[in-house]
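Input: a single structure, listed below in structure tokens.
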Amino acid sequence: MPSMRLTILHLITFFSFFTSSFAQTAYANDFVDPDYILAKTYGNHTYLARTTAVSWAKTLAAKGPWSVINKAATPPSGDKHDFMSWAPYWWPDCSNAGNTTALTPEQIWVTCTYVNKDGQFNPDVRLVNNVGDFQDFAEASFYNAIAWAMDVDDKATFEANVVKFISAWFLDPATAMNPNLNFAQMQRGPTGQVGSRTGVLDLKAMAKVASAVLLLRKGKSTAWTADIDNQFIEWSRKYITWLENSDLAIKERESKNNHGSFYYNQLAAMKLIVNDAAGAKAATDDYFKGIYLDQISATGEQPLEAARTRPYHYRAYNLAAMITNARLAKYADPSSTVWNTTTTAGATIKTALDFAMTLPASTSGETSYTEELYPDVAAVASVYGDPDGKYLAFLKKGDPKFIAQPYIVWNQPFAEQETGGLPPTNTGKGNSGPSTPKPKSGSNSSADATSDAISHVSSSWIITFITCALALAVGISGAHAPEPIIHAEAFIMA
């Protein structure tokens, strides 16, 4: 009974997904075309991915709002409205400090010489966590805007969250960030009480903030008022001036590796926020006609990333930046053929992804970073196609739960025949906004997100019992919700 077997397998996947534990993570970077999300033309196979996105929106929103002033230490400027962070791979060497008694942490920060240990994350950088707070803020804004656009229940809560978060970080005089990164990734020590050019990386997720703003703006959110829009445009223009003219930002723009790639993510995104599509196009043109040309060899290797202490991570990291630049370019100029742009060696973004897939994370002892490549795989497949199914096979082997990851929502067309992401009673018809799972207001659990989709099932033990029984009947085990790993240094890489 093939049809019965398909139904049973589908129920197993669905019930198991929502009875398992769940965690959210931050993809390295992304920009989502607001027109695609607002069109609501995503297929039924993205049902679980959309449900996950809504769940993440709620979980992240519960942590907010965030403000740059929330830090224990004060920047050298004396103004807590200045963004501040410490360079992640710099460690104190107090052998020449000349102290006769033990130094306090505060004394170490300004007295001891700091030395670079590439790839070795110094955990005390989290004592000043503007960068982590900004990443959480950007993620929360991104997913709450997407949830609002998908017409789930309590839409007003999701759009209000985005407005609240953006106002707290950028606009409210009591909590707003000054439009500069003058004290980002300070190396510390006697000569390190200023920011470094690598600190520009800390705000790379501006591409996600831009996605959120464009969704509310183009979706005509009533909460995103003209006054708020104008205020944020004014702030953004000041920050763009800093990005284009400060010595730190100029040095970062000239970086040949992922730092330069992410710089252009940020600049192009800011240009879109201020309604300067021509400026966004110019920024991405500068990238693809500049540093991109030497970033990928003929084989697909990224030499500058491969030279680092964690090559698997950095290949995936720069791929995310390249993909984001291409998406920004295509949005700024729909006629762009940017995805076909080749490097000096004749390689494309696809070439780089194909090469990265041949080198398992275990080769360089980076198994904990394996998942970082998966969003890149889905992105490339959605643009270049997957005629032989190699990208789908790669994801299914590496992450059997990939179909429930939010990146499946916007990396389309891809995996359209995967039944694992379907709602429990699939009609086979296209799934638009009104068919999106409708989470209950105020809930933070992914199980609550399905209460409208699963009727007459009120106890988790019943679901578990049915799942196990069905699994035994067909000889397989159920799928589980995605549980991506969040690394301690996930937010900043220098």
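The values are calculated or read from the model by the stated rules, or taken from the named source; none is laboratory data. These figures come from a predicted structure and were not determined experimentally. Quick reminder, even Gly has a Cβ in these numbers, built from the backbone with ideal geometry, and neighbours come from all protein chains shown. Heads up: the accessible areas ignore ligands, DNA and RNA and are worked out on the full protein's heavy atoms, side chains in. Shrake-Rupley method; radii C 1.70, N 1.55, O 1.52, S 1.80 Å.
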Open item on the list: With every protein chain left in place and a probe of 1.4 Å, what is the accessible surface of Thr351, to the nearest 10 Å²?
Closed with: 40
TODO: Please list 367-379, 213-225 highest first by mean number of surrounding beta-carbon atoms within 10 Å per residue.
DONE: 367-379, 213-225
TODO: Kindly write out, for segment 180-187 in residue order, the coupling ³J(HN,Hα) from the Karplus curve 6.51 cos²θ - 1.76 cosθ + 1.60 (θ = phi - 60°), rounded to whole Hz, with x marking Gly and Pro.
DONE: 7, 10, 5, 10, 8, 6, 5, 7
Open item on the list: Counting heavy atoms of the protein chains only and a 1.4 Å probe, report the per residue accessible area for segment 110-152 as a whole number of Å².
Closed with: 27
TODO: On a C-alpha basis, how far is the centre of segment 364-401 from the centre of segment 322-352 in Å? Whole number, if you could?
DONE: 19
Open item on the list: What is the percent carbon and sulfur in the accessible area of segment 202-307, measuring with a 1.4 Å probe over the protein chains and ignoring ligands?
Closed with: 51
Task: Lysine pair number, Cα distance threshold 17 Å (strictly under), segment 142-296, separation 8 or more or different chains - done: 16
Task: Nearest-0.05 FRET efficiency for Thr41 and Thr367, computed from C-beta distance (R0 41 Å) - done: 0.65
TODO: Any chance you could run the full-extension gain for Ala306 through Ala278? It's 0.36 nm times the residue separation minus the Cα-Cα distance, nm to one decimal.
DONE: 6.7 nm
- [ ] Mind listing the long-range amide H neighbours of Met84? Cut-off is under 5 Å, sequence gap 5 or more, other chains count too, H placed in the peptide plane at 1.01 Å from N.
- [x] Asn130
- [ ] Whole Å is fine, so just give me how far the alpha carbon centre of segment 30-59 lies from that of segment 228-253.
- [x] 29
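With every protein chain left in place, what is the accessible area per residue of segment 164-304 in square angstrom, probe 1.4 Å?
Numbers: 4980 Å² over 141 residues.
With all protein chains present, segment 164-304 gives 35 Å² per residue.
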Open item on the list: With a 1.4 Å probe and all protein chains kept in place, how much accessible area does Ile296 have, in Å² rounded to the nearest 10?
Closed with: 0
